[in-house]
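Undergrad: Below is the structure I would like to discuss, written out as structure tokens.
The values are calculated or read from the model by the stated rules, or taken from the named source; none is laboratory data. The model shown is predicted, which means the values in this text are computed figures rather than measured ones. Here the Cβ is made from the backbone with ideal geometry for all residues, glycine too, and neighbour counts use every protein chain on show.
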Amino acid sequence: MQNVKTVGLLALLSALLVFAAQAFGASAWVGLGFAAVLNLGAYFFSDKIALASSRARPVTEEQLPGVYVSVRRLTTAANMPMPSIHVIDSPQPNAFATGRSPKHAAVAVTTGILQILTLEELDAVLGHELSHVRNRDILISSIAAMLAAALSMLARFAFFFGGGGDSRNNPIGAIGVILSIVVAPLAAMLIRLAISRAREFEADADGAALTGRPLELASALAKIARGAAQKPMDVNPAFAQLYIANPLKESRRKNLMNLLSTHPPMEERIKRLQAISARS
């Protein structure tokens, strides 16, 4: 279901880009090309950038035997290559996976998560992260970021240079240009965040299927949410969506703030995992 939602959101984002390009004129496709170059670079070096930004350091199997045993078992079950394993020196319980493909993947865990989770809960969390890799969520988020960035650039071009030239020859006209300048970038941001939330739900479900531990993942998420609220981590906001729970301090407000979040409400994630367990 979440995969269908992701495809629909990407299609909507693409349609917005085409609408904006028509409003601004053919030359505006330069913005798409520029955004593509920037995001392709980020895509190919996403693992290195994310690990460096989080100050994650590689660890050996002798240093983290439990994590290595769990990841090796899960990757074997999923027919995936073994990713590199990293640790982040932070008291906040959290984890993330990155890499453009299963062959170029890395999994990072904080020292805080190693202290508060049971082995079964940690196994469930690692299953969630490996599901992100298997589902190629870095590729999906890169495409969404590229389209959103292109829309933002088109809006800037229109603001500074007047947009689509002679509106008399443009069937969309001046109203389309104004809508593209004001509405399209905001819509693109909301769609990109919705895709991020959909991928988290999908990784929860796929991770639970991979490990057979939906309740352990639910328990882990509850512990991680409490720990993240008590001990916010100094993380570049651009990489916050990679983590299993938002490492930044989140507003307690509902509704509107949920639309602006990179992660679904933790209560909803736990509820869905409990439903998965009840069905199995």
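Undergrad: From the list Asp234, Asp206, exactly one residue is among the acidic types (Asp, Glu), surrounded by fewer than 23 Cβ atoms within 10 Å (Cβ to Cβ) and not in a helix (DSSP H, G or I). Which is it?
TA: Numbers: Asp206 fails: not in a helix (DSSP H, G or I).
Being among the acidic types (Asp, Glu), surrounded by fewer than 23 Cβ atoms within 10 Å (Cβ to Cβ) and not in a helix (DSSP H, G or I) holds for just one of Asp234, Asp206, which is Asp234.
Undergrad: Checking Leu193 against (1) in a helix (DSSP H, G or I); (2) at pLDDT 70 or above; (3) touching a Phe, Trp or Tyr at 6+ places or on another chain (Cβ under 8 Å): exactly one of these is not met. Which one?
TA: Here Leu193 meets the rest and fails (3).
Undergrad: Go through the stretch 85-99 and give me each residue that's among the polar types (S, T, N, Q) and surrounded by fewer than 24 Cβ atoms within 10 Å (Cβ to Cβ). Break it down into steps so the answer makes sense when it comes.
TA: At the first step, the residues of the stretch 85-99 found to be among the polar types (S, T, N, Q) are 90, 92, 94, 98.
Within the stretch 85-99, Ser90, Gln92 qualify.
Undergrad: Which of the following residues is modelled with pLDDT under 95 and among the hydrophobic types (A, V, I, L, M, F, W, C): Leu215, Leu210, Leu260, Leu221? It would help to see each step written out before you state the result.
TA: Details: Leu215 fails: modelled with pLDDT under 95; Leu210 fails: modelled with pLDDT under 95; Leu221 fails: modelled with pLDDT under 95.
Being modelled with pLDDT under 95 and among the hydrophobic types (A, V, I, L, M, F, W, C) holds for just one of Leu215, Leu210, Leu260, Leu221, which is Leu260.
Undergrad: Shifting gears a bit: Would you be able to say whether some residue in the stretch 96-106 is at pLDDT 70 or above, touching a helix residue (DSSP H, G or I) at 6+ places or on another chain (Cβ under 9 Å) and part of a helix (DSSP H, G or I)? Spell out the reasoning first.
TA: From the stretch 96-106, those at pLDDT 70 or above are 96-106; that's our starting set.
Okay, now just the ones that are also touching a helix residue (DSSP H, G or I) at 6+ places or on another chain (Cβ under 9 Å), so 96-102, 104-106.
Narrowing the set further to residues that are part of a helix (DSSP H, G or I) leaves 102, 104.
The answer is yes; a qualifying residue exists.
Undergrad: When you go through Ala124, Ala106 one by one, which is the residue that is surrounded by 24 or more Cβ atoms within 10 Å (Cβ to Cβ) and in contact with an Asp or Glu (Cβ under 9 Å, 6 or more places away or on another chain)? Before you say what the answer is, go through the steps one by one.
TA: Working: Ala106 fails: surrounded by 24 or more Cβ atoms within 10 Å (Cβ to Cβ).
Exactly one residue qualifies, and that residue is Ala124.
Undergrad: Taking the stretch 91-103 as the region of interest, how many residues are closer than 17 Å to Leu114 by Cα and under 21 Å from the mean Cα position of the chain (by Cα)?
TA: Going through the stretch 91-103, the residues closer than 17 Å to Leu114 by Cα turn out to be 91-97.
Next, only the ones that are under 21 Å from the mean Cα position of the chain (by Cα) stay: 92-97.
Result for the stretch 91-103: 6.
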